[in-house]
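Novice: Take this structure, written in structure tokens, and hold onto it; I'll ask about it next.
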Number of protein chains: 2
Amino acid sequence: MAQNIYDDDAFFDAYGQLPRSVRGLDGAPEWPTLRALVGDVAGRRVVDLGCGYGWFCRWVADAGAASVRGIDLAERMLARAAAERDPTPGAAAIHYDRQDLDQLELAPRSFDVAYSSLTLHYLVDLDRFLSTVHDALVTGGRFVFSAEHPLCTAPSHPGFVTDARGRSIWPVDRYLDQGPRTTNWLVPGVVKQHRTIATYVSSLLDAGFRLTDLVEWGPDAEQLASEPGWSVELDRPPFLLVGAERS
Amino acid sequence: MAQNIYDDDAFFDAYGQLPRSVRGLDGAPEWPTLRALVGDVAGRRVVDLGCGYGWFCRWVADAGAASVRGIDLAERMLARAAAERDPTPGAAAIHYDRQDLDQLELAPRSFDVAYSSLTLHYLVDLDRFLSTVHDALVTGGRFVFSAEHPLCTAPSHPGFVTDARGRSIWPVDRYLDQGPRTTNWLVPGVVKQHRTIATYVSSLLDAGFRLTDLVEWGPDAEQLASEPGWSVELDRPPFLLVGAERS
């Protein structure tokens, strides 16, 4: 079972202050790239795995999805998601339910699009999860996900340091040593699962997916112009974005 | 055009001392993994792109390939490859020829297997190369390659350093800043092209390949037992191994 840190009081409060929590999808700099991978959702049956506050579910509903389902482990996230729905006339209703994604159950061939944003690095059993998602998609159905980039989850001590030359470097170690990492992110003791890029990709292929997109995300020129501080992300990408298809 | 450092006197001499130069494929710790990706070559038409001394070409010929072609830019490597052939009774002849892989020309649909070991990080025009290789394969044909891992080519100053905690770390910077890196490897001034994993994979997909295998190679338990010093490779993998198929 994945750690349910999002129901922790201190974490929930701190998480709520993040730009992506306050501003939604527009506060997530990787969203334009991710949205391009998701593609057109009009008329599609969509599931969001690790839906959090439901920003993506609401966007999908407004974009004309045939049905929208949001699944999360954190009761408080789901409560806020359900409360925040601002219904658009004619948009599909969003159905939220609580599941541990490490025990995920979905009906076979019931979705056209599966989506998961920054959730997979919490899951303990990635293979089981991917197999379940694969089977829940129709032939030609798409799975798009983002995860914390493995360069971020690998280090014993994640965080830029200054080297002897005075240059900022990202201190990589234990990259091939996959498994849990306990870090201080918003609160102490957050457990993330470190996996290599090769493991994410190989697990998808083993589950029967065809890989269609692999992006190691960093800010583009326009984003850097408005947020110069983001240039550190060019030294090591913060996010891995992946698109795959059930073939 | 790729730099032809392998025809440099000092480089050629230093390169000749490496375990993989002296012992051939058995001196390359990633070879067992790469060999598994290559699969059965009996009866296949095989091309080795960046064939060097011809170790792989000879292995393929001895394994019953229908035809074997080795291509390299370095005249001295090719001369040694041609001189070293120890013919196995009944094995296919190996045809060597000199080409800059950045200008590679191959007949369409003329090979079943294409292979390239630790060469692609020298090429300037990866997209052109992959497109040429794709078109040179028959439908269902395989392309297997290794490259220096992007974590190795990224840094301004590649090399393990000791952090303030006394721990050995690999100093990553400029990971998303793709392009040439001039490093000192065997001799000063070796130019390698840094690309991200996502770029290798996306370029393959764009060329029309289906990705079948992605390995971030590190030593296994058996190799570590006989070569304990290789444990540093677990901190950041030295090689990227990739398998793809023309679909």
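The values are calculated or read from the model by the stated rules, or taken from the named source; none is laboratory data. Since we're looking at a predicted model, the values are computed, not measured. Virtual Cβ from ideal backbone geometry, glycine too; neighbours counted across all protein chains shown.
Novice: Within the range A:227-238, work out how many residues are surrounded by fewer than 22 Cβ atoms within 10 Å (Cβ to Cβ) and touching a residue at least 60 places away in the same chain (Cβ under 8 Å).
Specialist: 4
Novice: May I ask you to list the residues in the range A:132-156 that are assigned to a loop (DSSP other than H, G, I, E, B) and within 16 Å of residue A:191 (Cβ to Cβ)? Can you show your working first?
Specialist: First, the residues of the range A:132-156 that are assigned to a loop (DSSP other than H, G, I, E, B): A:149, A:154-156.
Result: A:154, A:155, A:156.
Novice: Further question: Which of (1) out of contact with any helix residue (DSSP H, G or I) (no Cβ under 9 Å at 6 or more places or on another chain); (2) among the β-branched types (Val, Ile, Thr); (3) surrounded by fewer than 22 Cβ atoms within 10 Å (Cβ to Cβ); (4) within 14 Å of chain B (Cβ to nearest Cβ) is the odd one out, the single condition residue A:138 does not satisfy?
Specialist: (4)
Novice: Residue under question is residue A:210, and the condition is that it be in contact with an Asp or Glu (Cβ under 6 Å, 6 or more places away or on another chain), facing chain B (nearest Cβ under 7 Å), surrounded by fewer than 19 Cβ atoms within 10 Å (Cβ to Cβ) and charged (D, E, K, R); does it hold? Before you say what the answer is, go through the steps one by one.
Specialist: Numbers: in contact with an Asp or Glu (Cβ under 6 Å, 6 or more places away or on another chain): yes; facing chain B (nearest Cβ under 7 Å): yes; surrounded by fewer than 19 Cβ atoms within 10 Å (Cβ to Cβ): yes; charged (D, E, K, R): yes.
Here the answer is yes, as residue A:210 does meet what is asked.
Novice: Among (1) in a loop (DSSP other than H, G, I, E, B); (2) of a type outside the set (Gly, Ala, Ser); (3) within 13 Å of residue B:144 (Cα to Cα), there is one condition residue B:29 misses while meeting the rest; what is its number?
Specialist: Just one mismatch for residue B:29, condition (3).
Novice: Can you tell me which residues in the range B:42-51 are surrounded by fewer than 23 Cβ atoms within 10 Å (Cβ to Cβ) and in contact with a strand residue (DSSP E or B) (Cβ under 9 Å, 6 or more places away or on another chain)? Can you show your working first?
Specialist: First, pick out the residues of the range B:42-51 that are surrounded by fewer than 23 Cβ atoms within 10 Å (Cβ to Cβ): B:42-45.
Across the range B:42-51, the qualifying residues are B:43, B:44, B:45.
Novice: Residue B:201: buried (at least 16 other Cβ atoms within 10 Å of the Cβ), among the β-branched types (Val, Ile, Thr), within 21 Å of the chain's Cα centre (by Cα) and within 11 Å of another protein chain (Cβ to nearest Cβ), yes or no?
Specialist: Values: buried (at least 16 other Cβ atoms within 10 Å of the Cβ): yes; among the β-branched types (Val, Ile, Thr): yes; within 21 Å of the chain's Cα centre (by Cα): yes; within 11 Å of another protein chain (Cβ to nearest Cβ): yes.
It is true that residue B:201 is buried (at least 16 other Cβ atoms within 10 Å of the Cβ), among the β-branched types (Val, Ile, Thr), within 21 Å of the chain's Cα centre (by Cα) and within 11 Å of another protein chain (Cβ to nearest Cβ).
Novice: While we're here: All but one of (1) crowded, with 24+ Cβ neighbours inside 10 Å; (2) closer than 26 Å to residue B:234 by Cα; (3) touching a strand residue (DSSP E or B) at 6+ places or on another chain (Cβ under 6 Å) hold for residue A:123; which doesn't?
Specialist: The single condition residue A:123 does not satisfy is (3).
Novice: Further, regarding this structure: Among the residues of the range A:195-208, are any in a strand (DSSP E or B), more than 19 Å from residue B:236 (Cβ to Cβ) and of a type in the set (A, V, I, L, M, F, W, C)? First the steps, then the outcome.
Specialist: Pass one, the range A:195-208, residues in a strand (DSSP E or B): none.
No, the conditions are met nowhere in the range A:195-208.
Novice: Do you know which of the residues in the range A:213-244 that are more than 10 Å from chain B (Cβ to nearest Cβ) and among the charged types (D, E, K, R) is farthest from residue B:247 (Cα to Cα)?
Specialist: A:227
Novice: Let me ask something else about it. Scan the range A:5-21 residue by residue and report those that are over 10 Å from residue A:186 (Cα atoms), surrounded by 15 or more Cβ atoms within 10 Å (Cβ to Cβ) and out of contact with any Lys or Arg (no Cβ under 8 Å at 6 or more places or on another chain).
Specialist: Answer for the range A:5-21, where residues must be over 10 Å from residue A:186 (Cα atoms), surrounded by 15 or more Cβ atoms within 10 Å (Cβ to Cβ) and out of contact with any Lys or Arg (no Cβ under 8 Å at 6 or more places or on another chain): A:5, A:8, A:20, A:21.
Novice: If I ask for residues that are more than 7 Å from chain A (Cβ to nearest Cβ) and under 12 Å from residue B:156 (Cβ atoms), which ones from the range B:169-184 would you list?
Specialist: First, the residues of the range B:169-184 that are more than 7 Å from chain A (Cβ to nearest Cβ): B:178-184.
Within the range B:169-184, B:181, B:182, B:183 qualify.
This table checks each residue for (1) exposed (fewer than 15 other Cβ atoms within 10 Å of the Cβ); (2) more than 14 Å from chain B (Cβ to nearest Cβ); (3) closer than 26 Å to residue A:212 by Cα.
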position	(1), (2), (3)
A:61	no, yes, yes
A:109	yes, yes, yes
A:116	no, yes, yes
A:128	no, yes, yes
A:144	no, yes, yes
A:156	no, no, no
A:159	yes, no, no
A:162	yes, no, no
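Novice: Looking only at the range A:71-80, decide whether some residue is part of a helix (DSSP H, G or I) and either within 14 Å of the chain's Cα centre (by Cα) or closer than 14 Å to residue A:118 by Cβ (or both). Give the steps one after another, and end with the answer.
Specialist: Filtering the range A:71-80 for residues part of a helix (DSSP H, G or I) gives A:75-80.
Now drop any that are not either within 14 Å of the chain's Cα centre (by Cα) or closer than 14 Å to residue A:118 by Cβ (or both), which leaves A:77.
Yes, there is a match, as at least one residue in the range A:71-80 is part of a helix (DSSP H, G or I) and either within 14 Å of the chain's Cα centre (by Cα) or closer than 14 Å to residue A:118 by Cβ (or both).
Novice: For the structure I just gave you, tell me whether residue B:195 is under 30 Å from residue B:109 (Cβ atoms) and basic (Lys, Arg).
Specialist: Values: under 30 Å from residue B:109 (Cβ atoms): yes; basic (Lys, Arg): yes.
Considered against the rule, which asks whether it is under 30 Å from residue B:109 (Cβ atoms) and basic (Lys, Arg), residue B:195 comes out as yes.
Novice: Does at least one position in the range B:159-178 carry a residue that is at pLDDT below 95, under 20 Å from residue A:164 (Cα atoms), of a type in the set (Asp, Glu) and not in a strand (DSSP E or B)?
Specialist: Yes: the range B:159-178 contains one or more residues that are at pLDDT below 95, under 20 Å from residue A:164 (Cα atoms), of a type in the set (Asp, Glu) and not in a strand (DSSP E or B).
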